[in-house]
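The structure appears right after this line, and notes come after that.
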Amino acid sequence: MRTLILTMLVATAFARRSMGQATVTGSLDDYVYAVPAGWTQTVYPDGIVYASPVFETGERCQFTVFQMRPASGDLLADARRAFVEIFQVDPFQNNAYPFPTATLTRGVGAAGWSYLVIQKSIRGQVGDYGTLLGTRLFAAQLGDRVAIITSTGKDPLVSQCFGNLVRDEWPRVFYSLAFKNWKAVPQDSLVRRRLAGAWITATASVADRYVFAANGRLASAAAKKTDRQTPDAYVGDGSYRIAGNTITLTSDSNRSHPQRGYFRLEADSQDGSTWKDRLCLLLEGIGEVCYTRDEVQ
C-alpha cells in the first residue's frame, strides 16, 4: 500500500510542479503515442498522467507526458535536470551499494531523433521492494526542444507493469512514439550496419542467439555456429527485413509464417563513459527480449 500511495503522490506532483524552466506552449499536442489498455488519463496544464489499474500487490503504475522544454544542447544535462526537478532526487548520487545504481540508455529513434533514458529505483535500498519506487525518465532531442516522458511503478524486479519479470508496458509505448512537428530522417541504412553481427541473450525460453548479416540473411540459434562467410555471401537459415522500427524474421524452413515485430538498438551504461550495445526485439507472441553483442564468434 505504501508504494501505491507514493506513486500516486509522485504522479500528482509531476503535473502540478513547474519544471523550473520555460516550456514550449502547446507542445503536448505534438506527442503521438499508444496508451496501455485500461489505463486512465488525467490532464493538467503542464502534463498528462496515465495511470494503470491497481494491482493485487497494491501497485499502481503511471507514465506522464510533459510539455516540452527548450534544449540546452546537452541532452544528458537536460535529462538529469528534469529528473531532479520531477523526482526530487539526483539520479547520479547514492549510486553505491546498498543504493540502486542508475542506468543510462541512449539511442536514436526510427525517425532520427536522439534519446536518452535514465532509470533508477529510489526511496529505498537494494532488496527493499516494499518501498523502492522504480523510475524512468525519457528525454528526446527534437532540434531546439526536448520531449520528456516519465514512468513510475515498483522496482523493476517486482513491478506488474514496468517490470523485468512480470510485464513491461514501456516497449509498446516507446515503439508507438512519434512527434508531429519532427521531420523524419531515414535511419534504415545506418541501422543495418549497426545491426550486423551476432547477438546473444541468457533467456532460456526463446532463441538465444541471432546473427544478422549485411546482405539481409539471418542465422538463428538453430543454425550452425560455423556457418560464417563474408558478409555478402552469408547464408544462415533465414532472412530479415527492417523498415523504421519494424522487423520481419523469416525462416527458410517456414517462409509462410514470418515473425513480425519491433526492434530497437541502444547502448547502456552505469558510469556514463563505458557503453554496451543492446538489441531488443518485440516479436509477435513473445514479450520483448534484449540481446547483447556476442564478442566470441
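The values are calculated or read from the model by the stated rules, or taken from the named source; none is laboratory data. Keep in mind it's a predicted model, so treat the numbers as computed, not measured. Here the Cβ positions follow ideal geometry from the backbone for every residue, glycine too, while neighbour counts run over all protein chains shown. For accessibility, only protein heavy atoms count, side chains too; no ligands or nucleic acids. Shrake-Rupley method; radii C 1.70, N 1.55, O 1.52, S 1.80 Å.
Quick check on region 269-287: of everything there that is under 18 Å from Val191 (Cα atoms) and of a type in the set (D, E, K, R), which residue is most open to solvent (accessible area, probe 1.4 Å)?
Only one residue fits best here, namely Lys276.
Determine the pairs where a residue that is among the hydroxyl-bearing types (Ser, Thr, Tyr), located within region 117-132, has a partner that is buried (at least 17 other Cβ atoms within 10 Å of the Cβ) and assigned to a loop (DSSP other than H, G, I, E, B) with Cβ atoms under 7 Å apart, the partner being 6 or more residues away or on another chain.
Ser121/Pro100; Ser121/Leu132; Ser121/Asp155; Tyr129/Asp155; Tyr129/Val158; Thr131/Arg123; Thr131/Gly124
If you go through region 110-141, how many residues are at pLDDT 95 or above, more than 15 Å from Phe87 (Cα to Cα) and in contact with a Leu (Cβ under 7 Å, 6 or more places away or on another chain)?
4
What are the pairs, 6+ residues apart or on separate chains, where a residue within region 184-196 that is exposed (fewer than 15 other Cβ atoms within 10 Å of the Cβ) has its Cβ under 7 Å from a residue that is part of a loop (DSSP other than H, G, I, E, B)?
Ala184/Ala111; Ala184/Gly112; Val185/Ala111; Val185/Gly112; Ala196/Ala213; Ala196/Ala214
Counting only residues that are among the small types (Gly, Ala, Ser) and open to solvent by less than 40 Å² (accessible area, probe 1.4 Å), which one in region 143-177 is nearest to Leu116 (Cα to Cα)?
Restricting to residues being among the small types (Gly, Ala, Ser) and open to solvent by less than 40 Å² (accessible area, probe 1.4 Å), the top hit is Ala147.
Looking only at region 143-162, count how many residues are outside any strand (DSSP E or B) and farther than 21 Å from Trp275 by Cβ.
8
Can you find a residue that is modelled with pLDDT of 90 or more and either open to solvent by 10 Å² or more (accessible area, probe 1.4 Å) or not in a loop (DSSP other than H, G, I, E, B) (or both) anywhere in region 6-27?
The answer is no; no qualifying residue exists.
If you go through region 235-260 one residue at a time, how many are on the phi > 0 side of the Ramachandran plot and under 22 Å from the mean Cα position of the chain (by Cα)?
Of the residues in that region, 1 qualify.
Being within 20 Å of Cys280 (Cβ to Cβ) and touching a Lys or Arg at 6+ places or on another chain (Cβ under 7 Å) narrows it down to one of Val173, Val166, Val117, Val108, so name that one.
Val117
Please give the number of the condition Arg293 fails out of (1) under 19 Å from Leu190 (Cβ atoms); (2) charged (D, E, K, R); (3) crowded, with 17+ Cβ neighbours inside 10 Å.
Against the list (1) under 19 Å from Leu190 (Cβ atoms); (2) charged (D, E, K, R); (3) crowded, with 17+ Cβ neighbours inside 10 Å, Arg293 comes up short only on (3).
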